[in-house]
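Inspection log for the structure reproduced underneath, given as structure tokens.
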Amino acid sequence: MAALYRVLSRTMPVAVRGSGLRAFSYQHIIVAKKGGQQNVGLIQLNRPKALNALCNDLMTEVNQALDSFERDAQIGAIVITGSEKAFAAGADIKEMQNRTFQDCYGGNFLAHWNVICSVKKPVIAAVNGYALGGGCELAMMCDIIYAGEKAQFGQPEILLGTIPGAGGTQRLTRAVGKSLAMEMVLTGDRISAQEAKEAGLVSKVFPVEKLVEEAVACGEKIANHSKLVVSMAKEAVNGSFELTLAEGTRLEKRLFHCTFATDDRKEGMTAFVEKRKANFTDH
Ligand code: CAA
């Protein structure tokens, strides 16, 4: 991760280093700050002719935008979305078509997709349309998934003679259980937004045109809390995917104790006792 950021910062124009997201010029994504206090970072995948297929350059840009939001003290949450037709139709099949085992294995193909899993700020996927293959996997790397009512989720790699390669077999199984995950991965069949909601893959479903504003509203709600403590809460929940119950509850306890080292914990409890709104400073 640190090494990747070193590479990214080496490849950024000197004038824009550390100067915020507006200085970047992106080809495949649109980046903006949203919300009343401009504290939600929005990344919109914007490769419409390829239904937002996740080519290497697009994912590199997503990583740059995530890095710039992660460094931006104003930003408290990030939303990733696509178009109404497609969140993302998967990894770029045309880019993969002629790849060999040797260059996939030797070059650790798709390793840079994992950057999103190291972001400390909460990331919300707002999924309209197709979230297939790598698109579904990208959504599942986010912390919360909201779906538009016409969204479709699937892992159709089996139809291409391959299998999910960006966490699909693992994260989908944890999210929806073995039977449905197996069915989706082995048949390539898609599920609707409503089925995804019933299975626990997404937390809420909205009308298509309301989706992004609802995701931003969720981001604003999160961003108004202590950013420091939000990151601790995220770390604790994510621990449940990696650790035994004993290890996970120990991590949680330690992070809970850590909140007592912050000004924001003191302010939150004092504000409650004084019957006023807390004024968090992220310290
Ligand atoms: N990669 C590259 N290009 C893609 C693409 C992809 N994953 N998905 C769509 N496109 C391109 C199409 O080739 C087409 O481009 P041209 O006009 O130049 O031919 C354009 O986007 C529009 O696509 P369609 O004409 O196919 O649109 P449609 O509305 O008829 O169908 C669809 C939409 C059902 C999503 C269909 O495009 C489709 O099945 N796409 C592939 C989905 C898929 O298999 N995803 C998994 C990829 S593998 C992967 O992701 C591996 C991993 O785990 C990381």
task = Per residue of the range 231-238, in order, report the coupling 6.51 cos²θ - 1.76 cosθ + 1.60 (Karplus, θ = phi - 60°) as ³J(HN,Hα) in whole Hz, putting x for Gly and Pro.
result = 5, 5, 4, 4, 4, 5, 5, 5
query = How big, on average over all directions, is the shadow cast by the Cα convex hull of the range 25-154, in nm²?
reply = 8.1
query = So, in nm, how far is label R250 from label K277 when the simple model puts each one 7 Å beyond its Cα toward the Cβ?
reply = 4.1
GluC sites (Glu not before Pro) within the range 195-283: DSSP coil, no more than 14 neighbouring Cβ in 10 Å = E242, E274
key: Within the chain, helix-based [θ] at 222 nm, where runs of 4 or more DSSP H residues each add -39,500 (n - 2.57), nearest 500   = -12500 deg cm²/dmol
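Taking the beta-carbon count within 10 Å as an exposure proxy, list Y105, Y130, Y26, Y146 from fewest neighbours to most.
Details: Y105 9, Y130 25, Y26 18, Y146 28.
Listed from fewest to most nearby Cβ atoms, that is Y105, Y26, Y130, Y146.
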message = How large is the convex hull of the C-alpha atoms of the range 110-248 per residue, in Å³?
response = 111
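Can you pull out the trypsin sites (Lys or Arg not before Pro) in the range 86-152 whose DSSP state is coil and whose Cβ has at most 14 other Cβ atoms within 10 Å? Provide the component values of the computation, followed by the final result.
Details: sites: K94, R99, K120, K150; in loops: R99, K120, K150.
Counting only loop positions with at most 14 other Cβ atoms within 10 Å, the trypsin sites (Lys or Arg not before Pro) in the range 86-152 are R99, K120.
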key: Whole-number percent relative contact order across the chain, with pairs defined as alpha carbons under 8 Å at least 6 apart   = 15
query = Plugging the Kirkwood radius over Cα pairs into Stokes-Einstein for the chain, at a temperature of 25 °C and a viscosity of 0.890 mPa s, what D comes out in µm²/s?
reply = 124
key: Rg over Rh, two decimals, the range 182-283 (C-alpha only, Kirkwood Rh)   = 1.10
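What does the net charge come to around L201 if you take all other residues with beta carbon closer than 11 Å to its beta carbon, with K and R at +1 and D and E at -1?
Values: positive: R171, R174, K197; negative: E195, E198.
Residues near L201 contribute +1 overall.
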query = What residues have an amide H closer than 5 Å to that of V79, excluding those fewer than 5 places away on the same chain, when H is modeled at 1.01 Å from N in the peptide plane?
reply = G41, L42, I43, I124
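Readers should treat all values here as calculations from the given coordinates under stated rules, not as data from a laboratory. Bear in mind that the values here come from a model prediction, so they are computed numbers and not experimental data. Using ideal geometry, Cβ is built from the backbone for each residue, glycine included, and neighbour counts are taken over all protein chains shown.
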